[in-house]
Amino acid sequence: MSDPLLQVSGLCKRFDGREVLSGVSLDVRRGSVFSVIGPSGAGKSVLLKCIAGILLPDSGEIRFDGRPWTDAAARADFRRRCSFLFQNNALFDSLTALENVALPLEQTTRLSNREIRARSLDALRQLEIEDAADRHPGQLSGGMQKRLALARAIVTRPELVFFDEPTAGLDPLRRNAVFAMIARYQRQLGFTALIVTHDLSEALVTSDRVALLDGGRIRFEGASEEFFQSDDPVIRDFRDSVQVLGSTVASIRNSDPS
Amino acid sequence: MHLVVQLLGRQTLFAISRLGDFALFLGGSLRAVVGARRLPRRVLRAVYEQGALCLPVILIVGAFTGMVLGLQGYHVLNRFGSEGLLGTLVSLSLVRELAPVLAALMLVGQAGSALAAELGIQRNSEQITALETMGVDSLGYLVTPRLLSAILVFPLQTALFAAVGLWGGSLSGSVLMGLEPGIYWSSVERAIGSGDLRECFLKAVTFGILTTAICAYHGFNAHRCRSATGARAVSASTTWAVVHSSIAVLAVDYVITSFFVRS
């Protein structure tokens, strides 16, 4: 078992007196895919943004590679070694696909223009969108935009990539494709992935470990197989929700319209 | 009465805290010059936006301002038989006051509002947050190039405004009203001193930094808009950017003018 790359302990966050995270603790192991699942409004995105430093937690500790990122130097090191893939991709619509991917290299490294171009094209090639290098994000399909956002996230060769609801708003086929893409590139490039999602089945299949966040607390943390076997009523309800929906829809269809 | 005092106090505290916040924003944007990467390319793009794209409006407004000044000035001076001083009137009005103020207001209307809206949309679509997660200094990347460009572009646009305005004054006074062009241009030459040019330059640079920073501040903080969210927040931020910049131009113009008048 590899050592934890990211350790979160006792994380709390309140908004206008309402507690969104109540003492959340997680261990994300190096080179693994870790998914945080839970219903909408459970605080998943807030948790991810607190860990990534976008939001400031009220209390708790975050350790990256054994170091708490409390001082500016540790935070800068954390930023350099991590990437974030936003729910809405957050691509720069006035830049081309190539310029979008090159941006973090241009602004955070001292590589030459030739090296930046080569690495950016390489990232686009890995994500199979090199033909779209000169197009703007608005001219790309939803799936291609997602791949472009991932290309931008991996071009700096990060050790940890945060995925905030990577399949939000996508149809089931595209959802599968996005999770397959994450799993494939995670294996290929070796980064650690922390995914926040409400797509239970895809997350369970793709992840090494999962955590269920409900009401600002971690209700479960363990391997995907353990999640399937758990007898906890909340987990059972969440796990069975897909089947419940299926049977509800079937009963509506079979019922007499009059 | 109690409620009015409470409201006044709250608004005053809010205004002071926003002023402090703005000062930190401006300081951070200027400080970012030191660590900003690949700045020249971004400054060039900002020069294109504030310079080339705003050139037509500067030329048109400058020409009409000069023409109106020439027309009004000729009729007033003619009553006293002093139409020979038309060049003095037009040049001093333009160089000391109208060129820096009107050029700044035109640039706020076109480039400043566009900057506030662009940054507001970038804030709303998490592009600014994305920059921060990449470890990029968002002020250095988005605001600093615009401030540097403003230091360069505002004086140039002001000079162009004044030049075209002088030509407009000559068009009205000489071509339409029949004043000898030599008289007009020689009075222009005699009227403008180095102090007037210094005042004009200082105003242009100050207005450039101030209005660009105000517009950028409003766009950058569109998510903190108290009265609206989403697209309406961007719209409100753009409106406030133009309103606050225009007020700042007129207020600072008064301060600089009073300083130069005394000296």
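The values are calculated or read from the model by the stated rules, or taken from the named source; none is laboratory data. These numbers were taken from a predicted model, which means no experiment stands behind them. Quick reminder, even Gly has a Cβ in these numbers, built from the backbone with ideal geometry, and neighbours come from all protein chains shown. We work out accessible area using only protein heavy atoms, side chains counted, and drop any ligands, DNA or RNA first. Shrake-Rupley method; radii C 1.70, N 1.55, O 1.52, S 1.80 Å.
When the range A:67-93 is filtered for residues that are facing chain B (nearest Cβ under 8 Å), within 11 Å of A:G53 (Cα to Cα), open to solvent by 20 Å² or more (accessible area, probe 1.4 Å) and touching a residue at least 12 places away in the same chain (Cβ under 8 Å), only A:R79 remains. Scanning the range A:132-154 for residues that are in contact with a Ser or Thr (Cβ under 6 Å, 6 or more places away or on another chain), buried (at least 18 other Cβ atoms within 10 Å of the Cβ) and not in a helix (DSSP H, G or I) turns up nothing. Selection over the range A:121-136 of residues that are at pLDDT 95 or above and either basic (K, R) or within 22 Å of the chain's Cα centre (by Cα) (or both) gives a count of 1.
Mind checking which residues of the range A:72-102 are aliphatic (A, V, I, L, M), in a helix (DSSP H, G or I), modelled with pLDDT under 95 and touching a Lys or Arg at 6+ places or on another chain (Cβ under 9 Å)?
First, pick out the residues of the range A:72-102 that are aliphatic (A, V, I, L, M): A:72-74, A:76, A:85, A:90-91, A:95, A:97-98, A:101-102.
Going one step further and asking which of them are in a helix (DSSP H, G or I), we end up with A:72-74, A:76, A:97-98, A:101-102.
From what is left, the residues that are modelled with pLDDT under 95 are A:72-74, A:76.
Within the range A:72-102, just A:A74 meets the criteria.
Restricting B:G169, B:G195, B:G182, B:G178 to residues that are small (G, A, S) and either open to solvent by less than 10 Å² (accessible area, probe 1.4 Å) or closer than 30 Å to B:A114 by Cα (or both) narrows the list to B:G169.
When B:L98 is tested against (1) more than 24 Å from B:S235 (Cβ to Cβ); (2) without any contact (Cβ under 8 Å) to a residue 60 or more places away in the chain, just one condition goes unmet, and that condition is (2).
Picking from residues in the range A:103-120 that are at pLDDT 90 or above and surrounded by fewer than 14 Cβ atoms within 10 Å (Cβ to Cβ), the one that is farthest from the other protein chains (Cβ to nearest Cβ) is A:A118. Hey, can you tell me all the residues within the range A:162-182 that are open to solvent by 30 Å² or more (accessible area, probe 1.4 Å) and either touching a Pro at 6+ places or on another chain (Cβ under 9 Å) or not in a loop (DSSP other than H, G, I, E, B) (or both)? The answer is A:P172, A:L173, A:R174, A:R175, A:N176, A:A177, A:A180.
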